[in-house]
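Everything on this sheet refers to the single structure shown next.
All of the numbers you see were taken from the coordinates with simple rules; none came from a lab. Owing to the predicted nature of the structure, the values given are computational and were not obtained by experimental measurement. No Cβ is skipped: glycine too gets one built from the backbone with ideal geometry, and neighbour counts run over all protein chains shown.
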There are 2 protein chains.
Amino acid sequence: MGEFELLAKLRERLPDPGRRVDLGSGDDAAITVPGGATATSVDAIVEGVHFRRDEAGPGTIGRKALATALSDLAAMGAEPGEAYVVLGAPDDLGEDYLLVLLDGMLELAAGTGTTIAGGDLTRAPALTLAVTVVGHAGSAEELVPRDGAEVGDLLVLTGEIGGAAAGRLLLDQPALAEAVPEATAERLRARQLDPAPRLRSGRALAHAGARAMIDLSDGLAGDARHISRAGGVALAIKAAAVPLAAGVAEVAAASGRDPLQLAVGGGEDYELLAALPAQALAEASRAVGAAGETTLTRIGVVAAGDGVEIRLPGGGLLEAEGYDHFAGP
Amino acid sequence: MGEFELLAKLRERLPDPGRRVDLGSGDDAAITVPGGATATSVDAIVEGVHFRRDEAGPGTIGRKALATALSDLAAMGAEPGEAYVVLGAPDDLGEDYLLVLLDGMLELAAGTGTTIAGGDLTRAPALTLAVTVVGHAGSAEELVPRDGAEVGDLLVLTGEIGGAAAGRLLLDQPALAEAVPEATAERLRARQLDPAPRLRSGRALAHAGARAMIDLSDGLAGDARHISRAGGVALAIKAAAVPLAAGVAEVAAASGRDPLQLAVGGGEDYELLAALPAQALAEASRAVGAAGETTLTRIGVVAAGDGVEIRLPGGGLLEAEGYDHFAGP
């Protein structure tokens with residue numbers, strides 16, 4: 001089957017484009033009429049670097065490619081709009097595989113209100129997915145950058161973390177799964193293979209007044225450092241307040257690791273870390289709860305100075321720099 | 001050198017962002033305030049599929065990746081705005097190589113008014129560049145789709161074609177270069193390795209009233225078919241009117257090919273094919289001339305029916321379907 005035929009088959013599966021899209025896939029370019037401000041991000045995943053074909057089916061791989069890109073829109077508080085997908089496929093992948101991969105992506109697109117408005121299909125030595133996503137907001141001021149944290153702001157975190165790193169351990173060392181019930185192991189593996197972008201939570205935090213926000217792709221320590229450096233402030237995080245995903249403690253113990261290492265140094269949880277004024281906390285918690293995706297937890301404060309301090313239950317300080325080795329590829 | 005350090009070095013080279021960009025590279029997403037309508041397209045090139053590292057230096061590869069993406073904006077008549085770049089790099093490529101590649105891309109970006117507003121850097125088994133470009137127009141109506149050709153419209157073509165296919169032959173069979181002066185051979189190889197997007201010509205054609213437009217990436221025959229199918233019309237092209245790049249006839253003869261085969265079946269010329277009302281021809285020719293990139297030639301008409309007819313000088317018809325084998329990867 002030639003590229004044109006496969007492209008036509010892939011296009012047939014696309015639903016009608018979203019309201020901002022005047023002209024969808026099939027022309028030289030998609031035409032949209034954005035209205036206000038746009039947030040645009042691009043994210044690529046490559047077989048052997050970000051995923052393995054023997055660990056996840058094509059639908060899951062397609063979802064992950066779109067999910068990790070959408071997570072950046074969540075971190076801006078943007079409403080998802082359009083996605084543009086480059087699919088680089090090795091010769092040995094059949095048409096069925098690629099159609100299931102697209103279906104996985106379309107499932108997440110439908111669930112998040114995203115229109116796949118264009119793309120490119122090419123041969124490549126390893127399965128490669130590069131996804132550009134465009135999100136929307138009424139104005140640039142409604143979007144939340146990384147650099148707006150102010151001294152005295154509270155640090156809040158959506159959901160629970162460490163799960164993706166624990167899932168990675170379970171995938172690499174299947175025997176560790178004996179440490180937890182199978183349903184828990186399955187959920188941890190899914191945190192690694194099939195992450196959920198916190199889009200509604202991100203918009204809720206933006207509306208509630210978040211001044212700086214980032215999604216946790218590199219790990220809490222690393223991503224907190226981005227907020228610290230961008231804003232010229234220090235972040236003080238209380239380790240005991242950081243919510244661990246169920247099973248992280250057991251998997252960490254079974255592998256001889258500190259659970260905090262998975263939670264703070266483990267990347268790819270795709271939860272959101274935000275700084276917001278203290279008076280916005282109640283509304284932010286209510287709004288994230290109403291968004292229905294996950295919880296919101298206060299984990300620290302923004303202080304004068306620089307760097308990221310993670311205070312251990314015993315009172316000592318964890319050097320966040322020491323956790324880089326778990327930051328993933 | 002880690003990914004973060006290299007990313008920082010790459011970012012240091014980026015000039016100040018364009019006027020629509022509120023927040024450039026370095027946050028979760030770039031923020032722009034588009035204003036009117038946007039045209040968005042994505043294009044990927046992969047080592048071993050679209051280029052070879054022993055044929056083109058890193059700067060040329062970087063330029064080609066951006067040029068082929070921008071060519072789609074040219075075909076919409078859009079003004080180039082932002083580019084988002086995924087760079088997948090094998091481990092053996094050093095920092096210098098990637099910086100020169102980015103510099104090549106930045107050179108073309110500066111020359112075309114494009115802001116590189118974001119990107120992603122990843123390891124990959126083969127050098128891979130996926131570029132998403134966003135172009136702008138006052139409204140969606142100012143942009144030119146593929147499907148607007150009307151019976152009676154004239155078909156016009158920018159520049160001269162066949163050069164990229166002849167350049168491909170010269171690269172594959174260096175002995176063929178004896179058929180032409182070295183300066184001509186060099187220009188033909190450059191048509192293949194370092195194409196120029198016809199951005200100003202595309203805007204000139206849009207303003208002059210072009211109703212359908214496409215860039216020639218698959219070859220004149222194949223791309224004419226896209227306009228024919230999208231518009232539900234037939235295209236009648238006069239082979240003798242199709243302008244050949246200098247040296248194409250000689251390289252074709254030396255390789256035992258019909259020059260028309262290179263011109264009609266050869267892809268990657270990145271010239272523009274447009275359909276416009278007869279009364280718009282004079283203004284379109286003047287405007288393309290004023291754009292200063294290349295010439296405009298009338299090569300045929302839009303007729304009732306379907307399919308693409310290419311009439312040979314002797315009066316016979318060329319079956320365009322027969323040229324698919326030269327359509328490139």
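Can you compute the helix-only [θ] at 222 nm over the protein assembly as shown? Use -39500 (n - 2.57) per DSSP H run of at least 4 residues, normalise by all residues, nearest 500 deg cm²/dmol. List each step's numbers first, then the result.
Working: 18 runs with 214 residues, N = 658.
Roughly -10000 deg cm²/dmol at 222 nm, from the helical runs in the protein assembly as shown.
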- Query: Residue by residue, what Karplus-based ³J(HN,Hα) values in Hz, rounded to whole numbers, does region A:229-246 have, using 6.51, -1.76 and 1.60 with θ = phi - 60° and x for Gly and Pro?
  - Reply: 5, 5, x, x, 9, 9, 10, 10, 10, 8, 4, 5, 7, 6, x, 8, 5, 4
- Message: Out of all DSSP beta bridges in the protein assembly as shown, what portion is antiparallel? Express it as a percent rounded to 5.
- Response: 75
- Note on the structure: Taking every DSSP bridge whose two residues both lie in region A:3-142, the antiparallel percent to the nearest 5 is 70
- For B:I299, enumerate residues with amide H under 5 Å from its amide H, sequence gap 5+ or separate chain, H modeled in the peptide plane. B:L155, B:V156, B:L157
- Message: Give the average, rounded to an integer, of partner chain Cβ atoms located within 10 angstrom of each Cβ in A:118-127.
- Response: 6
- Message: Give me, ordered by chain and number, the residues 5 or more places off B:I161 or on other chains with an amide H under 5 Å from its own placed amide H.
- Response: B:L244, B:A245
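How crowded by other chains is B:137-148, given as the mean number of beta carbons from other chains within 10 Å of each beta carbon?
Across B:137-148, the average partner-chain Cβ count within 10 Å equals 3.
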- Going by a ≥ b ≥ c, the root eigenvalues of the Cα gyration tensor, does chain A fall in the rounded group (a/c under 1.5), the prolate group (a/b larger than b/c) or the oblate group? oblate
- Evaluate peptide B:48-59: per residue, the Cβ atoms of other protein chains within 10 Å of its Cβ; return the mean as an integer. 1
- Note on the structure: Distances in nm between the label point of B:P15 (7 Å along Cα→Cβ) and its equivalents in the other copies, shortest first, are 4.3
- For region B:217-223, Karplus couplings with θ = phi - 60° (6.51, -1.76, 1.60), whole Hz, Gly/Pro x: 9, 8, x, 4, 5, x, 6
- Item | Among B:V242, B:I299, B:P195 - extreme Cα towards positive end, dipole of region B:154-326, charges at beta-carbon | B:I299
- Ordered by residue, what ³J(HN,Hα) values in Hz, to whole numbers, does region A:310-317 give under the Karplus form 6.51 cos²θ - 1.76 cosθ + 1.60, where θ = phi - 60° and Gly and Pro are x? 10, 8, 7, x, x, x, x, 10
- Query: From the label point of A:A183, set 7 Å from Cα along Cα→Cβ, how far away are the matching label points in the other copies, in nm, ordered shortest to longest?
  - Reply: 7.9
- Query: To one decimal in nm, how far is A:P277 from the same spot in the other copies, if labels go 7 Å from Cα toward Cβ? Please give the shortest first.
  - Reply: 5.7
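Kindly put B:V86, A:V156, B:V180 in sequence by how many other C-beta atoms sit within 10 Å of each C-beta, fewest to most.
B:V180, A:V156, B:V86
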- Query: Considering amide H positions built from the backbone, and no H for Pro or chain starts, which residues 5 or more places from A:D269, or on another chain, come under 5 Å of its amide H?
  - Reply: A:G219
- Note on the structure: Distance in Å, no decimals, from the C-alpha centre of region A:76-112 to the one of region B:283-301 is 39
